[in-house]
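Written out below as structure tokens is the structure these notes cover.
We did not get these values from a lab; they are worked out from the coordinates using the rules stated. Since we're looking at a predicted model, the values are computed, not measured. Reconstructed Cβ throughout: ideal geometry from the backbone, glycine too, with neighbour counts over all protein chains shown.
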Amino acid sequence: METTRLPAARPPGSALEQTEHTRRAYDRHARAYDAMEWPVEALAYRRWRRALWRDVDGLDVVEIGVGTGKNIPHYPDGVRVTGVDLSEGMLSRARRVLRRHPDTEATLHLMDAQHLSLPDDAFDEAVATFVFCSVPDPVAGLREGLRVTKPGGRLRLLEHQRASLEPLGRVMDGLDGPVHRFTGVHVARRTVENVQAAGWHLDRAEPIAPFGVFRRIDAHKPL
Ligand SMILES: C[S@@+](CC[C@H](N)C(=O)[O-])C[C@H]1O[C@@H](n2cnc3c(N)ncnc32)[C@H](O)[C@@H]1O
């Protein structure tokens, strides 16, 4: 019997066009972003961020996708953070937050996570919160995070991803395209699998909300 191969469910366009789509979406939403996120931030995200940054014990940390700088108030004392983001609109908000925390040792850079202009093996830890749902090629971004992290160094993520429970997972598959076109966000990513596909050794992928949609993911770079 002949089988027909269906095209992959991804938006049309080259990698460059997809990255530009994401950049434009975040530039467009930057001004309203904090207000739109406020309810989830107050209900859960802030608590999850605090717990994640409590675990960070490396000296040199890269934060991928700093966004409007919501993690900046949680950076531990004595840690040097290199923050990167694709969107100048989001970064300009993060710069304002950084100015309100003058004792924080951090630098912020406009940079694509899929092609980091950072040296190999430079950081003790890589952190990202709610980012790999948006990076157009998440495995490429996670691979770049791995490259710039020292052997034995840590990856710490907060992410939402495709529900492990059906039929919710299939509903999220159906919503993924339309949501992405409007917001730049993918709601049905398989981030735990992507972390492993990028070469990280998975230590933890704990659901932190019902149906496995939100997860705290920890991994390390093999020695
Ligand atoms: C949902 S926001 C999360 C922002 C922030 N980490 C937080 O926790 O509030 C996703 C962020 O990832 C950034 N982003 C998406 N694709 C990226 C890429 N290829 N390289 C760097 N940043 C990217 C977006 O610009 C946006 O600021």
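Considering only beta bridges that DSSP places wholly inside the chain, some 40 percent are antiparallel.
Amide H contacts for G153 (H built 1.01 Å from N in the peptide plane; partners 5 or more residues away or on another chain; cut-off under 5 Å): K221. Counted over all Cα-Cα pairs of the stretch 37-95, pairs farther apart than 20 Å make up 27 percent. Between the helical axis of 88-99 and the longest alpha-carbon principal axis of the chain there is an angle of about 30 degrees.
From the square roots a ≥ b ≥ c of the eigenvalues of the alpha-carbon gyration tensor of the stretch 42-155, which class results: rounded (a/c under 1.5), prolate (a/b over b/c), or oblate? Verdict is rounded for the stretch 42-155.
Scalar couplings 3J(HN,Hα) for the stretch 149-154, obtained by applying the Karplus form with A = 6.51, B = -1.76, C = 1.60 to θ = phi - 60°, are 8, 5, x, x, x, 9 Hz; x denotes Gly and Pro.
Taking the 0 to 90 degree range and rounding to the nearest ten, how far is the long axis of helix 15-40 tilted relative to the main principal axis of the chain, both from C-alpha atoms? For 15-40 against the chain, the angle is about 70 degrees. As a proxy for reagent exposure, ranking M36, M172 by other Cβ atoms within 10 Å from fewest up yields M36, M172. Counted by neighbouring Cβ atoms within 10 Å, the residues L202, L155, L16 run from fewest to most as L16, L202, L155.
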